[in-house]
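**Q** The structure's right below; bear with me while I get my questions together.
The values are calculated or read from the model by the stated rules, or taken from the named source; none is laboratory data. Treat the numbers as computed from the prediction; the structure is a model and nothing was measured. Note: ideal-geometry Cβ built from the backbone for every residue, glycine included; neighbour counts use all protein chains shown. Areas reflect the complete protein model, heavy atoms only, side chains present, ligands, DNA and RNA absent. Shrake-Rupley method; radii C 1.70, N 1.55, O 1.52, S 1.80 Å.
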Amino acid sequence: MTTTTEYGYNSKVEGEVIVSKADAVINWVRRHSVWPMPMGLACCAIELMAAGGSRFDISRFGMEVMRFSPRQSDCMIVAGTVTYKMAQVVRRIYDQMAEPKWVVAMGACASTGGMYRSYATLQGVDRIVPVDVYISGCPPRPEALLDGMMRLQDKIKTESSTRTLLRNRPVRDLTFQKK
Amino acid sequence: MKTILEAHPYLIERESADWPAFNCPQDRLMDCLQSLQEEHGFDFLADLTAIDHFDAQPRFEVVYQLFSTERHEYLRIATPCGGDPDPVCPSVVPLWKTANWHEREAYDMFGIEFSGHPDLRRILMWDGYPYHPLRKEFPLAGKEVEFPDEGLREATGKTVLPAPMMGGPFHASQTGSMAKREPRADDESWNEARDRADIQDEENLPPRELRDKH
Ligand code: SF4
């Protein structure tokens, strides 16, 4: 004998009305249509492209719509080495993106400067833009990128989107200095 | 090569591991390169770079790597570049157009002023960067300067900081068992390597201490 449990929306009981929390609905919508802005600056961008291909298929998570215009994108994936000369461009594109927006630092270079400990490389993109998810690896495999994006989805789920419409989040500074 | 030396008696042979190389005084440089290009068939400037000798006089040297596409031969010409901190050298853009960007790079990295260059701007670092990073006195980690863009400065309130070197530069030890060599920080005195039990083994010494020991 099988038993069924009714939960969620039941059209017989509720007709065409759904009762939920605004936060839940908004976050549900946002979570499943994160359009990435591919900030591909170096070798990591190749793995980012692989994640977009059919083998790894980022479109399973509603993220296949890579937008090369910051106006139409929600999540900047910084994939690659950010030089100081490029840093201003990254920040400007971040500023041009409409709220709500998220940033994923993909790979060692974007997270910390990676192996480029030198005068020309920005030591972590979190110095100029607020980062939500850091992905380790040099380069991270596409699975790692997908895992990072799923964690971003989890993070979006817990956000209070009705209360904080505009989020002015701070950037970090270098904390890891030689003692 | 004999014919070149006969035609240009002021050239002095220079130490080289592969192809012939000559030192050329700077006042004869343009004559020399022009004749090499027109009469000796070195029609291609493969590379142009500079050397910083730091405490030698003259401090800088500009090096031209020439190639003959007919005879498939390389030739290296080096010329001393007086003047510190502002060395000057004649530009060879009239001879080889490819020298344009090479000279911009040498200017960017070493601060060598190429007189007669059509457009001598920085090519790798941003305009207005106050240093020349490949000079010997410039640290690899960099120096603190302002961000290149005013908007970025305002938005973040940050500056370009020296990169934390974490005891680097990193390189593999030149001695010890090959199987155990791996890139290590030169100076590991600041990190947890001190606490490792096997630090006494020679193979596990940081590269700097190993060097001091030998
Ligand atoms: S983390 Fe590695 S793969 Fe990614 S951009 Fe840096 S060097 Fe390239």
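Each row is one residue, and each column tells you yes or no for (1) away from the ligand (no atom under 16 Å from the Cβ); (2) more than 14 Å from every other protein chain (Cβ to nearest Cβ); (3) in contact (Cβ under 8 Å) with a residue 12 or more places away in the chain.
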| site | (1), (2), (3) |
| --- | --- |
| A:Q72 | yes, yes, yes |
| A:I93 | yes, no, yes |
| A:E99 | yes, yes, yes |
| A:W102 | yes, yes, yes |
| A:G107 | no, yes, yes |
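**Q** Among the residues of the range B:121-167, count how many are more than 7 Å from every other protein chain (Cβ to nearest Cβ), aliphatic (A, V, I, L, M) and not in a loop (DSSP other than H, G, I, E, B).
**A** The number of residues fulfilling the criteria is 1.
**Q** Any idea which of (1) of a type outside the set (K, R); (2) out of contact with any helix residue (DSSP H, G or I) (no Cβ under 9 Å at 6 or more places or on another chain); (3) within 14 Å of the ligand (Cβ to nearest atom) is the one A:Y84 doesn't satisfy?
**A** All conditions pass for A:Y84, except number (3).
**Q** Then there is this: All but one of (1) open to solvent by less than 20 Å² (accessible area, probe 1.4 Å); (2) within 17 Å of the chain's Cα centre (by Cα); (3) within 25 Å of A:M115 (Cα to Cα) hold for B:P87, so report the exception by its number.
**A** Answer for B:P87: the failing condition is (3).
**Q** Limited to the range A:109-137, what total is found for residues that are more than 11 Å from the ligand (Cβ to nearest atom) and at the interface with another protein chain (Cβ under 9 Å from one of its Cβ atoms)?
**A** So the answer is 9.
**Q** Could you say which residue among B:D108, B:D119 is under 30 Å from A:T121 (Cβ atoms), without any contact (Cβ under 8 Å) to a residue 60 or more places away in the chain, loosely packed, with under 13 Cβ neighbours inside 10 Å and among the acidic types (D, E)? First the steps, then the outcome.
**A** Values: B:D108 fails: loosely packed, with under 13 Cβ neighbours inside 10 Å.
Selected residue: B:D119, the only one of B:D108, B:D119 that is under 30 Å from A:T121 (Cβ atoms), without any contact (Cβ under 8 Å) to a residue 60 or more places away in the chain, loosely packed, with under 13 Cβ neighbours inside 10 Å and among the acidic types (D, E).
**Q** Hey, does the range A:110-124 have a residue that's closer than 21 Å to B:E154 by Cβ and without any contact (Cβ under 8 Å) to a residue 24 or more places away in the chain?
**A** No, there is no match, as no residue in the range A:110-124 is closer than 21 Å to B:E154 by Cβ and without any contact (Cβ under 8 Å) to a residue 24 or more places away in the chain.
**Q** The conditions are (1) in a loop (DSSP other than H, G, I, E, B); (2) buried (at least 21 other Cβ atoms within 10 Å of the Cβ); (3) within 14 Å of another protein chain (Cβ to nearest Cβ); (4) within 11 Å of the ligand (Cβ to nearest atom), and A:P140 fails exactly one of them. Which is it?
**A** All conditions pass for A:P140, except number (3).
**Q** Residue check: is B:P80 assigned to a loop (DSSP other than H, G, I, E, B) and without any contact (Cβ under 8 Å) to a residue 60 or more places away in the chain?
**A** No: the conditions fail for B:P80.
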